[in-house]
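**Student:** If you scroll down you'll find the structure; I have some questions about it.
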Amino acid sequence: MNVYPDIAYIAKLIAEPTRAIILDCLLDGRSLPASQLAYHARVSHPTMSSHLSKLVEGKLLRVEKRGRHRYYSLAGIEIAEVLEKLGTIAPPVEIRSLHQSDKMKKICYARTCYDHLAGELGVKIFDSLLGLKRIERREEEYVLTPAGTKWCLQLGIQWEEGHKSRRIFLKPCLDWSERREHMAGWFGWAIAEHCFSQKWLVKCENTRAVVVTERGKIELQRFFHIETN
């Protein structure tokens with residue numbers, strides 16, 4: 001008799017194509033109403049309600065009532081991490097149009113993975129911080145170096161707050177498009193939040209893709225020593 005967790009139950013929830021679209025839409029940490037999710041998945045509202053109920057029951061999604069509407073989001077960052085890891089072993093989608101090809105290029109270059117940066121840009125930032133010795137690996141964890149703490153102050157990131165958080169300060173997250181690691185944890189969130197608040201990066205509408213602004217190209221070169229598209 002099997003005594004291990006019922007992986008098949010979760011796998012079945014994720015495997016249904018419409019539910020996979022729902023989870024992908026919420027992978028950037030947003031909360032969306034059922035109507036918007038139905039639009040993205042191109043299904044009727046009753047069909048969407050059925051799928052959302054199953055995902056909430058399976059504890060993959062949480063629901064919050066705001067006035068007359070219900071907003072859905074991933075149940076936690078661990079759900080996003082599982083989905084991102086599945087992407088590293090999943091086959092690529094078949095590209096059937098120029099629009100789809102352009103969208104894929106943008107997603108692979110820079111996107112959000114829950115609340116941190118992923119894609120080529122996310123990997124470059126992680127590599128840069130390691131190469132510049134702003135962060136380093138100590139046994140099984142990554143930490144800021146003394147030079148890294150000074151760099152954070154220049155950037156305006158209050159790194160001490162990360163050690164007060166319940167989250168892991170800094171950890172790698174395997175990137176499905178690059179097949180390498182980008183940066184997650186509190187520090188990954190702090191870097192992404194700073195880039196968005198300073199308008200170095202802007203989020204694309206209705207997609208997880210991220211665009212580097214003209215100012216962002218200058219500042220990312222200045223602080224991370226990386227060239228951007």
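**Student:** Residues in the range 181-220, backbone N under 15 Å from the label point at ARG30 (7 Å along the Cα-to-beta-carbon vector): list them, ranges by number please.
**Tutor:** Only 202-211 pass the distance filter.
**Student:** Evaluate the charge dipole of the chain about its Cα centre and quote only its size in Debye, nearest 20, assuming +1 on the Cβ of each Lys and Arg and -1 on the Cβ of each Asp and Glu. Intermediate values should be presented prior to the final figure.
**Tutor:** Numbers: 35 positive and 28 negative charges, 123 e Å.
Dipole magnitude for the chain comes out near 580 debye.
**Student:** Label points 7 Å out from Cα along the Cβ direction at ARG179 and GLN154: separation in nm?
**Tutor:** Computed distance between label sites ARG179 and GLN154 equals 3.5 nm.
**Student:** Hey, got a sec? Which GluC sites (Glu not before Pro) in the range 127-229 land in a DSSP loop and have at most 14 other Cβ atoms within 10 Å? Don't skip to the end; give the middle numbers.
**Tutor:** Working: sites: GLU136, GLU139, GLU140, GLU141, GLU160, GLU161, GLU178, GLU181, GLU193, GLU205, GLU214, GLU219, GLU227; in loops: GLU139, GLU140, GLU178, GLU205, GLU227.
Here the sparse-neighbourhood loop sites are GLU139, GLU140, GLU205, GLU227.
**Student:** Shifting gears a bit: List the pair-distance distribution P(r) of the chain, using every Cα-Cα distance, as the percent of pairs falling in each 10 Å bin from 0 up to the bin containing the longest distance, rounded to whole percents.
**Tutor:** Over the chain, the share of Cα pairs per 10 Å bin runs 7, 30, 33, 21, 8, 1 percent.
**Student:** While we're here: Please work out the Cα center distance from the range 135-205 to the range 1-56, rounded to the nearest Å.
**Tutor:** Here the two parts' Cα centres lie 29 Å apart.
**Student:** Here is a follow-up. Considering the range 55-182, what Rg and Dmax in Å follow from its alpha-carbon atoms?
**Tutor:** Calculated on Cα positions, Rg and Dmax stand at 17.7, 50 Å.
**Student:** Identify the residues of the range 169-197 with backbone N under 18 Å of a label point that sits 7 angstrom from the Cα of GLU139 along the Cα-to-Cβ direction, or state none.
**Tutor:** The answer is 169-172.
**Student:** Also, quick follow-up: Given 0.36 nm per residue, what is the gain on full extension from GLU16 to ALA90 after removing their alpha carbon distance, in nm?
**Tutor:** Numbers: separation 74, 0.36 × 74 = 26.64 nm, distance 1.42 nm.
So the extension gain works out to 25.2 nm.
**Student:** For the chain, with a Gaussian network of springs between Cα atoms less than 10 Å apart, report the residue from ALA41, ALA192, ALA90 with the top mean-square fluctuation.
**Tutor:** In the Gaussian network model the winner is ALA90.
**Student:** Could I ask something else about it? In nanometres, what is the gap between the two model label sites at VAL56 and HIS69, each 7 Å from Cα along Cα-to-Cβ?
**Tutor:** Output for this residue pair reads 1.6 nm.
**Student:** Continuing with the same structure: If we restrict to alpha carbons, what Rg and Dmax does the range 111-204 come to, in Å?
**Tutor:** 12.5, 38
**Student:** Moving on to the next point. Once you put a point 7 Å from the Cα of ASP6 and another 7 Å from the Cα of SER44, both along the Cβ direction, what distance in nm separates them?
**Tutor:** 2.9 nm
**Student:** For the range 40-106, state which trypsin sites (Lys or Arg not before Pro) are in a DSSP loop and have at most 14 other beta carbons lying within 10 Å of their beta carbon.
**Tutor:** Values: sites: ARG42, LYS54, LYS59, ARG62, LYS65, ARG66, ARG68, ARG70, LYS85, ARG96, LYS103, LYS105, LYS106; in loops: ARG42, LYS59, ARG68, ARG96.
For trypsin sites (Lys or Arg not before Pro) across the range 40-106 that sit outside H, G, I, E and B with at most 14 neighbouring Cβ atoms in 10 Å, the list reads ARG42, LYS59, ARG68, ARG96.
**Student:** Next up: Under 26 Å Cα to Cα from LYS124, which lysines show up? Leave out anything in the same chain fewer than 8 places away.
**Tutor:** Within the straight-line cut-off, LYS124 pairs with LYS85, LYS103, LYS105, LYS106, LYS133, LYS150, LYS171, LYS199, LYS203, LYS217.
**Student:** Taking the solvent-accessible surface of protein heavy atoms with a 1.4 Å probe, what is the per residue accessible area of the chain in Å²? Don't skip to the answer; put the middle values down first.
**Tutor:** On the way: 13460 Å² over 229 residues.
Accessible surface, normalised per residue, equals 59 Å².
**Student:** Counting other Cβ atoms within 10 Å, keep those with at most 16, restrict to DSSP loop, and tell me which GluC sites (Glu not before Pro) in the range 1-102 are left. Please report the intermediate quantities before stating the final value.
**Tutor:** Numbers: sites: GLU57, GLU64, GLU78, GLU81, GLU84, GLU94; in loops: GLU94.
Passing sites in the range 1-102 are GLU94.
**Student:** So what's the range 1-131 giving for Cα Rg divided by 2.2 N^0.38 Å, two decimals? All intermediate terms of the calculation are to be shown ahead of the outcome.
**Tutor:** Details: Rg = 16.4 Å, N = 131, 2.2 N^0.38 = 14.0 Å.
It is 1.17.
The values are calculated or read from the model by the stated rules, or taken from the named source; none is laboratory data. Keep in mind that what you see is a predicted model, and the values were worked out from it rather than measured. For neighbour counting, all protein chains shown are included, and Cβ atoms are generated from backbone atoms with ideal geometry for every residue, glycine included. Areas reflect the complete protein model, heavy atoms only, side chains present, ligands, DNA and RNA absent. Shrake-Rupley method; radii C 1.70, N 1.55, O 1.52, S 1.80 Å.
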